[in-house]
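Have a look at the structure below before the remarks.
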Amino acid sequence: MPFGQRGISRRSFGIALAGSFIDGLGRRSSRVERRPTPSATNPIKPLTRASERKAINASSQSGLIRIDALGGMPISPHLFGANNSWYWVPAARFNSFCKSLADNAGVTLLRFPGGFESEHYNWDDNSLNPKYKHYTRVPGASPAQAIGDMGAGNVSFVVPTQDAFFAKSRPARQRWADEAGRLVRRYGGQVHDWEIGNEWYHFGGAPKHYHAYLKRYCELVSNYVPVMGSAAKEAGHRINMYVSVNWVRPHDLVLMRKWIPPHIWKQFDGLNIHVYTGFRPGDKSPYPPRPIGQVQDTIHELRTLSGKHLVYVSEWMADLRDNGHSGGLINAHYMLEIVGQFAAAGVQLAAYWPAVCPQFLKDGARMPQSGTVTLVTDLPGFPVDADGQAMKWLSEHFRGHALQTRISGTSAKAISARMPDGKLTVFIMTGSGSPNQLLRVRVAGKAWNKITSAQIMWAGQGRMNRGSANISHLPTKIVRHEASKEVELIVNPGGVKRGTSWEVARLELSQ
């Protein structure tokens, strides 16, 4: 979605991580969770490193995190993607941009050209349509540069559809389908994932003429799919084609299956959705969002109604407007929860928006835009932000299989994974309602003997809702529980190199 438009027609598609791998895999919930409001002060007595360990020994009140280390849902390596911002990141800075995304934020996939600029991008001369409101004469990265910097197979493309959507004649519409086929022939050997357009439901007038626009998009899909499929086959490419769905309206798929002929429906591979959400989404959008905890269930509903297994969340973010307007480490909490929902639902690809560019162009000037939180900051070298730090942790340590994780006795959230090498990773996100609290982590189904790594992501007073976070060693203790072991740790203790709220803990357990 374009920067300027998001402030008008926000689409948080909600969901607060309660189903499956967060509060229990087999137990889904549509409850909208109420989170404590971040406070600027906290009356908790600060703890030093020594007093932290003493508190671990002395605390009697605790929350329990139980992990089932058997089974689990495979985690796709392309779950940790990001959107390019073609009109914002010049070609001269693109290599630095990609390097920071990969090295500092752990990004494994890049969506190109980006959001709505994809509908106004000229592929042959690497430029934007001058009529586009974010037009710039300074070119961004070319397709070849994106593939070269990210690597073949690590870039997805969006083919333009808006001109075809509003074309007045069948030949004009067919011309744009043929253009998509030409791009597939040219790039399909290196780019495997292709979206048919960007958010038809945000084209001008869509909310007022929703069903007419939906039907028009279906007609467009019916033109594009066979042309793109034939082009890939003729060139010997194997591609995945994704059709755009307004995911807060899953039952659109009932109409789409009527308006797209069955033989065409069989030819495309998956659904493309954009998930903007939070724990407290508003309802002023033309398409009211859903809270974080409904993400997994909604994706299952989309799969059931469409008969498609592949799901590409090609734009997503923990939207500030749905999270009490808190960025920084607080927003990273919700980001971690959302990724847990994606993993639990078996999402194959996801691309964070916006990776950079918290502003938009207006009359040639850069203007602030609220409601966005970025992975990297638009400064020399693109330094990482708190969400980028969280993405880096996920990309490196949330691999293999997402595990069922149940929580009791605490308002904390948690996600966990069994890594390909057999190690167990646990992420624990604690808000402002769990100060100086003892937490215990218990594992079933897999033996472990040691804590290989324990870190805490934290921020000081006044820094929890903006900028990057701090990362420190996390004191832990192994205790016996019946015939097995548990990890004990204290969250939100304050003191030296610790926060008083909104900490994120990361544990790694191994044999």
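The values are calculated or read from the model by the stated rules, or taken from the named source; none is laboratory data. As the structure is a prediction and not an experimental result, all values here were calculated from the model. For neighbour counting, all protein chains shown are included, and Cβ atoms are generated from backbone atoms with ideal geometry for every residue, glycine included.
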Identify the residue in region 316-331 that is surrounded by 24 or more Cβ atoms within 10 Å (Cβ to Cβ) and over 22 Å from Met457 (Cα atoms) and, among all such residues, is modelled with the highest pLDDT.
-> Trp316
Being surrounded by fewer than 16 Cβ atoms within 10 Å (Cβ to Cβ), outside any strand (DSSP E or B), at positive phi and in contact with a helix residue (DSSP H, G or I) (Cβ under 8 Å, 6 or more places away or on another chain) narrows it down to one of Gly495, Gly467, so name that one.
-> Gly467
Which numbered condition Gly433 fails, given (1) surrounded by fewer than 24 Cβ atoms within 10 Å (Cβ to Cβ); (2) over 27 Å from the mean Cα position of the chain (by Cα) = (2)
Residue count, region 158-185, condition among the hydrophobic types (A, V, I, L, M, F, W, C), loosely packed, with under 15 Cβ neighbours inside 10 Å and more than 15 Å from His120 (Cβ to Cβ), comes to 1
Within region 242-250, is even one residue over 22 Å from Arg111 (Cβ atoms) and either surrounded by fewer than 24 Cβ atoms within 10 Å (Cβ to Cβ) or not aromatic (Phe, Trp, Tyr) (or both)?
-> yes
Just checking, how many residues over region 430-445 are under 19 Å from Trp458 (Cα atoms), assigned to a strand (DSSP E or B) and not hydrophobic (A, V, I, L, M, F, W, C)?
-> 1
